[in-house]
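Heads up: the structure comes next, in structure tokens.
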Amino acid sequence: MKKRADFLAAAKGRRQHQRCFVMQARKRREAQGSAPRFGFTVTKKTGNSVIRNRIRRRLREIVRLHAAGDARPGMDYVLVGRIEALTAGFDDLRREFLGALHKLHSAERKPDR
């Protein structure tokens, strides 16, 4: 994802808080059945540009390796990185990412009250 409007729309969707990131997810109306899209955000309060870019690269690699089977078509996902993503082990990041996807998708199936 590249456009600010897409990031703002995803922010209005469901959220799943993890230790290393917050995952936001929203189903796109216009792109039914298209590939899932991912966006990455790391705020300046996390650190300088070197730290922010390192966190973003780690999150991108997790998505590249593990999103193919678990991300749903027609969905937008935004990962908001936290400083803990810099020092966490790669297995911990993977576990958190897959857990967040699972929780977001299981909450999607529950009927509204």
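Mind counting lysine pairs for me in the range 1-98? Cα separation below 20 Å, and the two need to be 8 or more apart along the chain or on different chains.
Values: 2/12; 2/27; 2/44; 3/12; 3/27; 3/44; 12/27.
Number of lysine pairs found: 7.
Would you mind checking the tilt of helix 90-109 against the longest principal axis of the Cα atoms of the chain, expressed as 0 to 90 degrees and rounded to 10?
Roughly 20 degrees, rounded to the nearest 10.
Can you pull the percent of the chain's accessible area that's carbon plus sulfur, 1.4 Å probe, other chains left in place? Mind dumping the intermediate values first?
On the way: 3490 of 7060 Å².
Of the solvent-accessible surface of the chain, carbon and sulfur hold 49 percent.
What are the trypsin sites (Lys or Arg not before Pro) within the range 3-36 that DSSP puts in a loop, where the Cβ has at most 15 other Cβ atoms within 10 Å? If you can, show how the numbers build up before the last one.
Numbers: sites: 3, 4, 12, 14, 15, 19, 26, 27, 28, 29; in loops: 3, 12, 19, 28, 29.
Here the sparse-neighbourhood loop sites are 3, 12, 19, 29.
Go through the range 39-113 and name the chymotrypsin sites (Phe, Trp or Tyr not before Pro) that are in a DSSP coil and have 13 or fewer other Cβ atoms within 10 Å of their Cβ. Provide the component values of the computation, followed by the final result.
Working: sites: 40, 77, 90, 97; in loops: none.
Sites meeting the loop and neighbour criteria: none at all.
Probe of 1.4 angstrom, ligands and nucleic acids ignored: what's the accessible area per residue over the range 1-84, in square angstrom? Please list the in-between numbers first.
Values: 5120 Å² over 84 residues.
Per-residue value: 61 Å².
State to the nearest 20 debye the size of the charge dipole of the chain about its Cα centre, where the only charges are +1 on K and R beta carbons and -1 on D and E beta carbons. Working shown, then result.
Working: 29 positive and 11 negative charges, 82 e Å.
Using only the charged Cβ atoms, the result is roughly 400 debye.
Restricting things to alpha carbons, tell me how big the range 9-56 is in terms of Rg and Dmax, in Å.
Answer for the range 9-56, Rg first and Dmax second: 13.3, 38 Å.
Taking the chain as the reference, fit the longest principal axis to its C-alpha atoms, fit the long axis of helix 49-70 to the helix C-alpha atoms, and give the angle between the two in degrees, 0 to 90, nearest 10.
It works out to around 40 degrees.
Once both labels are modelled 7 Å past Cα along the beta-carbon direction, what's the residue 51-residue 4 spacing in nm?
Result for the modelled spin labels: 2.5 nm.
Taking the chain, how much of its Cα-Cα pair set, in percent, is spaced more than 18 angstrom apart? Could the numbers behind the result be given before it?
On the way: 2994 of 6328 pairs.
Looking at the chain, the distances longer than 18 Å represent 47 percent of pairs.
The values are calculated or read from the model by the stated rules, or taken from the named source; none is laboratory data. Model, not experiment: these values are computed from the prediction. Cβ atoms come from the backbone with ideal geometry, glycine included; neighbour counts cover every protein chain shown. Keep in mind that these areas ignore ligands, DNA and RNA; they rest on the heavy atoms of the full protein, side chains included. Shrake-Rupley method; radii C 1.70, N 1.55, O 1.52, S 1.80 Å.
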